Each structure stands twice: as C-alpha cells, then as structure tokens.
Amino acid sequence: NNCRMDDDDSVKLSVGENEDDEESSIGADSTNDLENAAFEELQQPSIAETSVNVSATIMLKVPTYNLASLRQQFEAEPDGLNLYQFLKAFVANMELESEQELISVVPDLVEFFDLVDIDGNGSMQWSEFVMFVIELVVKEECTVIFEELELVDRHTIQPPGSQSVVQCCKYISPLNKICLGVGSELQIYDSLENSSTWLSEGVKMKLKKKPAVNKYQAFSGSSKQHNNDIHDLDISISDLLYIDSKDILAVLRTDLCIEFFKFTSRTKASSELILSFGFHILPRPYNRIACRDKLKEKLCLFGVSSHQSIDCWEVKVAKVGPVTLENHILLEKHTDFVRDIVVIHNDSYSLFATGALDKTVNVWDLDTLKHRVTRTGFSAGVQCVCFDGKSILLAGSFDFQIIGWDLDAHINKPIFSLWGHNKCVTKIVAYGAYNRCFSLDDSGVLKMWDISKSSATDKEGRLIDTVDYVQDHAHCFDIFPKNVSQFPSLNGLILVAQGRHQHVYKVKDTSAKVSAPINVLYSLNLQMVITVHTKDIVFWNVLNGEERSKMADFTNSEALAATLDDRKRKLIVGASNGVISVYNCLKAAKIKSFPPVHSAVRFLIYSPDKTIICVAGVGDIFIFDDLVPEDKMADSLMRECRGHESDVVSLAYSHSLGLIATADCAGHVIVWDY
C-alpha cells in the first residue's frame, strides 16, 4: 500500500501499520479472496493474453547475479513465500531505477504471484516458480497452427496467346470487388456463389490514350465515348487506388500518367456505370500511390518513385470531372529510392509509412505530413510495407525477410521477424483481426504466417504454409475477406493470386477432428472457453475465437465429467476409469490426479471450500480435498457414501446451506448434509 525509496536507494515496502501483523498481511487469505473477487469484477482478459509479457518484464529486471540470493529467500521458508514475502524478496533483488518504476512493477508482481499460485493457497515455492516460467515458455514455443492454403480454382483471365502478365491486384473494400491490371486492360471481378470459378467474369475496360499536350484531359459521359482505347502492350498498370469519399479509382500507368474513373454504382459494375474522369501527367515513373481520405481534411494523393522524396498533391474533384492534382510538395527523409507507401488511418492512428532502398521504414504524421520515427533492422533495401489493421507495421526487403513493429512501442525494436523466402519480398497483406499475414516474393512463392503478438516463436517458426504453382508464377495477389458459402474458408479469407492465370485459394483447417464435447466451460478470468471431449481438451480464446492450445489424447480412457475450480483457473476432469485429474488452463498442463474411485466418474462439482464433490458409478458420492499436497494424495479422500440403487442423473450443491442433492432415474431425490 505504501511504497518508498530511501536515500540509500534501498527499497522499502510497508503494508498497514505493522508489517508483522498477520491480520494486515497482504498474503492473508481474506485479502486474497477480496483481491480475486475484485479481479473477476474488472473482467480484464490480461491473464491469458499477457502472462508471457508479465513473466518477461519481471525476469528482465532481475540480474543473473541476484538469482542465488532470490533462491535463498525462497528456501528460507519451508512452506513457501506468501504474497508479502514474495514482493519483499523480488523487489530487493530487482534493478529498479526510481520510485515510479517500483510503483509500476508491483502490480506485475502481484499478477505474477496470482498466476503461479494456481491452487490459491497463498504461497509460492522456488520449484513452483521455476517450473512455471519454464513450462510457460516451452508451451508457447510448441504451439502449432494446423492450417493450409487449398487451391479452389484456376482459370484464364486473358485471351490465348496474350503476352500480358498481371502486374497489379487490389481488393477494394467499399466495392467488395477485386481489380486487376492486365497489361493495358482494367478488369473488375465480383464474388459469385454460383460460379464454378468463385469469381464472376467481371468488367473489362481498356485504358485510354494519354493526352498529348494538356496536363490533364477530362472525359464526361459513359463508355460509349470510349473510342480512343489503346492496345499498346508496352503500357501496363502499376498500381490501383480507390478514393472512397469520391468513388473514384486512380489507375497508375507505366506511360507517366494517372487515369481516373468514376464509379456511379458501388453494387453493380458495368462499363456503362464507370465514367472516365481525366488524366494527370507525371514527371517521372512512379511505383505506388496512396491517399489521405479523411473528413474535414484536404484530400491528398501520395506517390513514390525512383526518387528519394515522396510526392504529395492536393486532389480537386469537380462534380462532372475532371480530377486535378494541385499544390505539389515533396517530403524528404529517405536517402535512397522510395519503393512503397501505406496509409494507416483508423480510430487509433493517423499515420503513413514509407519503405526505401536505404534499408529504413519511415513513419509520418498523416495530418501534418511531418516525419515521426524511423524503423530499421534490414540488411538490404525495403521493397514493400503493410499495416495489419490493428497495431503492427510490416515491411519486406531485398534481404528476403519480413519485419514487424508495434506502432504502440516507442523503441526501435521489432516484435518479430519472418524468415523463409529465398527471393525479394514484393508484397505483404496482413489481417490483424485473424493474426495472419500473407506474402509474395520475386519467384512467385506465396507464404502464410502467424503474426500474433503473444506468440513466443520467431522467424521460421511463424510460417504456416507455402504454395507455388511452377507452371505459372504469381506476380501479384490480394485477399478477399468476404466468405461465400460455396467455398467456406477459415476466417473467411480467400487468396486470389495472378500470373497469366488467376489462382484462387482458401484457408483450410487441417487440425485433427475431435468428437462432440461432453462439456463446455467458460473462464471469465482467462477469457477462455474450454471444450472437453472424450479424448481431447481444447482451449479457445473468446476474444478472437481462435484455438489457444489443445491436449490431444490426454487420457487413456474416456472423459465423462468436467468442471472448473472456484477461481476459474483449473480444470477438473473425471474419466471412465474412475480417475479425477486436475489441469492448469493457462498452460494446458496436468497438475495432479486423485486416487481413482472404483467406477466411472459421472458428475463433478467444485466447492468454495476447495473440495471436489464427485458422483461415480450408480450413486456413490466422494469428496476430495484439493489442498492436499501432491506427496500426500493418498489422504485426499475426505468422505464416501452411497444412497441410491438406481443411476444418479443429477447433482446439485448449496455452499450457503451446506447441502448436497442427488436425483436418480427412478425418481428418488436425496438431500445430504455436506
């Protein structure tokens, strides 16, 4: 409660008026109960999500040379350290620079003690502490994701004999359509559930001839005026950008211009409903374009090219066209050619990021256009950048790796690196909502990665699957995040890749199928759903619906009953062989087993008195003490009785009344004095 640092920098903790007063001790059971109740009331999911981070935060502040002293303080107490003793021991052995740091680390220590003290008995021993840290790291590193990319369809998107290769593919969220640049032709595809190719045949439009003299040239009207189409195979589409607020598609062309199209309908795509809205002549070739499309802000278009600076124009759109780019400015920070740009605009961020051949990624303020931070870590130039939609900025490089940074972090330290490509990474698409990232390299190899922050794996360990169609290397791709019933995909993600053909992949769940659950349990503290099957236990994250961990073939018999302890941290499972086992939900690891009863376990209830009420066989009732040490499990059986001659079909318990009720299939109900 009171934390201070004396002049000699020795840390002092005082709780209440008297440190020796057991009634005011932090480790008292009553205080623990209040703390646990308050914790549950807060309904915070931090236990399961941040346990690795909490452990790392604490251990990084304990120097190696202090571990021996810490161990001595643990072993000085035969029954282990209570919470107050634990705090005193750890704070004395941690490197803390200020009183503010002390105050910030105490909540982490309390949470860590709560995590390790799985039984809730208010004590922690040295072996318990060491095994928790080891098992938690090992468990995180051994997590395996059972997913793969499965080919749904492959079809031609250009006439036979055509030499054009798709160089640009963009999913346009407001239209829910995929747009392709196939040579000098713009193709727009929509999802079609009844189509054998999943995508409709779409709209195909030829690019127009670039104005010869004027800076821009407007076209009003529909495609009936399109009598100046070009058929030059040397002209292709480099990039596509949809300006949501104006319903305008900007097409970046290789002949030094941007062509604009106006969509008069979002739901239906046809050549009659797409109007040409002018050109803008560019001074040099550009690689990528992006825009700042914010309410109450000027509409800005960004362009990056074989130049060290980023070009920025103010976009002006007349009611009937054309689109004009004015007030050109240059943003300078990179020292080599800029290769890619991504705009990051949501409720949390208003930024844009650029990657260049100077091996850096620069982050800029989207409102002021001022440089904010620089991110490094590559040994070669950066080719592409991407934002996952939540908080992770990713970049791919000519050194074949992908690096991810947390935008909330203030230090230049990546949270992960992705290794596995053997060529330059050319494009990245990420969906933070599903912790998935997809990447493409120069050789046409597509890879799927795990980008969750909580994963302890790195580099090759995050790779989920790889696909490569040798006969037609992919040159570009994008993700269609809208699922369709004909091709159900995990997380609703459909990958569409293009070379000379279009290849459609879905994400398939390859995990082993389990039987129907015998029980489904929910832990508010851990924000976790546990499904107990006859042979397996699966732990699910309720925040995103993903599987956190799985215990396959955890028993040599069949699970028949399951319940959680009063703190919702331990899982108790009863099996057909009469064995009752206890598991740690957070680590998905077995803690202990009680002596087997003589018949199959049918019902389980956990009492706030730290006892387990069990009904086995026809109607036998057993009560086990959960606080008995592991070396004395033979003494854990407290009571045993029998009162039914027919099979018990229901069990109920009232802690306040101290009563147990059982009902059998013959209609008899018996009330027992607990």
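The values are calculated or read from the model by the stated rules, or taken from the named source; none is laboratory data. Source: prediction; values computed, not measured. A quick note on method: Cβ atoms are made from the backbone with ideal geometry, for glycine too, and the neighbour counts reach across all protein chains shown. Side chains are part of the model used for accessible areas, which takes the heavy atoms of the whole protein and leaves out ligands, DNA and RNA. Shrake-Rupley method; radii C 1.70, N 1.55, O 1.52, S 1.80 Å.
Quote the relative contact order of region 471-544 in percent (integer), defining contacts as alpha-carbon pairs under 8 Å separated by 6+ residues.
19 percent
Of Lys268/Lys294; Lys535/Lys570; Lys209/Lys294, which sit over 20 Å apart, Cα to Cα?
On the way: Lys268/Lys294 25 Å; Lys535/Lys570 18 Å; Lys209/Lys294 32 Å.
In this structure, Lys268/Lys294; Lys209/Lys294 lie more than 20 Å apart at Cα.
Check Arg639: other-chain or 5+ apart residues with amide H under 5 Å from its amide H, H built from backbone geometry?
Ile623
Which FRET efficiency value, to the nearest 0.05, is calculated for Lys268 and Cys665 with the Förster distance at 45 angstrom and r the Cβ-Cβ distance?
On the way: r = 62 Å, r/R0 = 1.38.
The calculated FRET efficiency here is 0.10.
What figure, in Å² to the nearest 10, do you get for the accessible area of Asp509 with a 1.4 Å probe and non-protein molecules left out?
Estimated to the nearest 10 Å², Asp509 gives 60 Å².
When the Karplus curve 6.51 cos²θ - 1.76 cosθ + 1.60 is applied with θ = phi - 60°, which whole-Hz ³J(HN,Hα) does each residue of region 302-314 get, with x for Gly and Pro?
Whole-Hz 3J(HN,Hα) from phi for region 302-314: 10, x, 10, 9, 6, 8, 7, 9, 9, 7, 9, 10, 8.
Need the C-alpha centroid separation for region 147-193 versus region 248-322, integer Å.
Centre-to-centre distance over Cα atoms comes out at 21 Å.
Any idea what Rg and Dmax come out to for region 371-522 if you just take the C-alpha atoms, in Å?
Reported Rg and Dmax, both Å: 16.7, 56.
Which net charge results when you count Lys and Arg as +1 and Asp and Glu as -1 among the other residues whose beta-carbon is under 9 Å from that of Met448? Present the calculation step by step, with values, prior to reporting the outcome.
On the way: positive: Arg436, Lys447; negative: Glu147, Glu148, Asp450, Asp465.
Local charge sum for Met448: -2.
Quick one: if the Förster radius is 56 Å, what FRET efficiency do Glu558 and Asp234 give, using the C-beta to C-beta distance and rounding to 0.05?
0.20
Heavy-atom accessible area per residue, region 348-492, 1.4 Å probe: how many Å²?
Working: 5490 Å² over 145 residues.
Roughly 38 Å² per residue, with all protein chains present.
Which of the pairs Lys204/Lys316; Lys246/Lys427; Lys177/Lys206 have their Cα atoms more than 22 Å apart in this structure?
Beyond 22 Å: Lys204/Lys316; Lys246/Lys427.
Restricting everything to alpha-carbon atoms, can you work out Rg to Rh for region 508-648 with a Kirkwood hydrodynamic radius?
With Rh from the inverse mean 1/r over Cα pairs, Rg/Rh is 0.98.
If packing is taken as the average number of other Cβ atoms within 10 Å across a peptide's residues, how do 648-659, 606-617, 590-601, 562-573 rank, most packed first?
Working: 648-659: 13.8, 606-617: 19.7, 590-601: 16.8, 562-573: 21.8.
My ranking of the peptides, most packed first, is 562-573, 606-617, 590-601, 648-659.
For the pair Glu546 and Ile518, what calculated FRET efficiency results from E = 1/(1 + (r/R0)^6), where r is the Cβ-Cβ distance and R0 = 25 Å, to the nearest 0.05?
Efficiency computed from Cβ-Cβ geometry: 0.65.
With each label point set 7 Å from Cα along the Cα-Cβ vector, what nm distance links His598 and Leu657?
Inter-label distance under the simple model: 3.0 nm.
How would you order 99-109, 332-342 from highest to lowest mean count of nearby Cβ atoms within 10 Å?
332-342, 99-109
Along the Cα-to-C-beta direction of Asp635, a point sits 7 Å from the Cα; which residues of region 570-589 have their amide N less than 15 Å from that point?
Nothing falls inside the zone, counting backbone N under 15 Å.
May I ask you to compute the full-extension gain from Trp672 to Arg372, defined as 0.36 nm times their residue separation minus their alpha-carbon distance, rounded to one decimal in nm? Before the final figure, lay out the partial values.
Working: separation 300, 0.36 × 300 = 108.00 nm, distance 6.96 nm.
This chain segment gains 101.0 nm when fully extended.
For the pair Asp244 and Ser127, how long in nm is the line joining their label points, each one 7 Å along Cα→Cβ?
5.8 nm
When the solvent-accessible surface of protein heavy atoms is calculated with a 1.4 angstrom probe, in what order do Glu547, Glu272 fall, highest first?
I get Glu272, Glu547, largest accessible area first.
Subtracting the Cα-Cα distance from 0.36 nm times the residue separation, let me have the gained length for Lys210 to Thr254 in nm, one decimal.
Contour length minus Cα-Cα distance gives 14.7 nm.
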